[in-house]
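Rule-based calculations on the coordinates, nothing more; no lab input. The structure displayed is predicted, hence computed values, not measured ones. Cβ: placed from backbone, ideal geometry, glycine included. Neighbour counts: every protein chain shown.
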């Protein structure tokens, strides 16, 4: 037997279903608060101890933890080699990263939070007793130079295709390769490379080259252009500016000098 629906019954039923569905829509529209931060180890900004779950965790983690507290963000930290971390941001499988220098290529897929929170300066290191072999930029010609893959250092070095550059995944490998004689020079940044030399017990085996590149590299927090966190870039920037103005970031950095 067929069942007849009386005129006027469908309207209230559909209206009731619609009213029950609307709160669910509102729940789905809640903004995300959990995001993936990709990183590598880069002392003293991002320390190995943090990856192992003990000890000091470095400048970047203290800064980003403060930002997370201010904005109510929960961050899942994932460790990857530097080039891999950038690729995860490019394809939208990660949301943000700290300690990124500006480059036009990265600007194609990253949103830079406008205010840099710190800066480093480029540095070249040789084996002990060999500092005088690199007195000028021209002395780099004919030498094998160790560098961290996908890093930005200084111009004209970054765009100089005539130099013999050896890419390594981790910066601490650079100093070990230098001591072993596998490379003639390594390029890095201060205070990072000096910190690594001391931490690895290599301070007496390596030394800064006489040539000191000019300039400095500003460090930014970046967000993947595919991430919804991009809409909160101005809020992140405001926290950074407050931390700089209050001296909080200076105090954090001073603890690692």
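Available extension along the chain between residue 87 and residue 210 is 40.7 nm, counting 0.36 nm per residue and deducting the alpha carbon span.
Rounded to the nearest whole angstrom, the semi-axes of the ellipsoid equivalent to the chain, taken from the Cα gyration tensor as √(5λ), stand at 50, 19, 16, largest first. Per-residue extension of 0.36 nm, minus the Cα-Cα distance of residue 139 and residue 119, leaves a gain of 4.6 nm for this segment. Could you identify which residue out of 141, 83, 209 has the top mean-square fluctuation in a GNM of the chain using Cα springs shorter than 10 Å? Looking only at 141, 83, 209, the biggest GNM fluctuation is shown by 141. Computed from label points 7 Å out along Cα-Cβ, the spacing between residue 257 and residue 199 is 1.9 nm. Mean residue ellipticity, 222 nm, helices only, the chain: the sum of -39500 (n - 2.57) across DSSP H runs of n ≥ 4, divided by residue count and rounded to 500, is -10000 deg cm²/dmol.
Short to long, the 10 Å bins of the Cα pair-distance histogram for segment 121-208 hold 18, 58, 23, 1 percent of all pairs.
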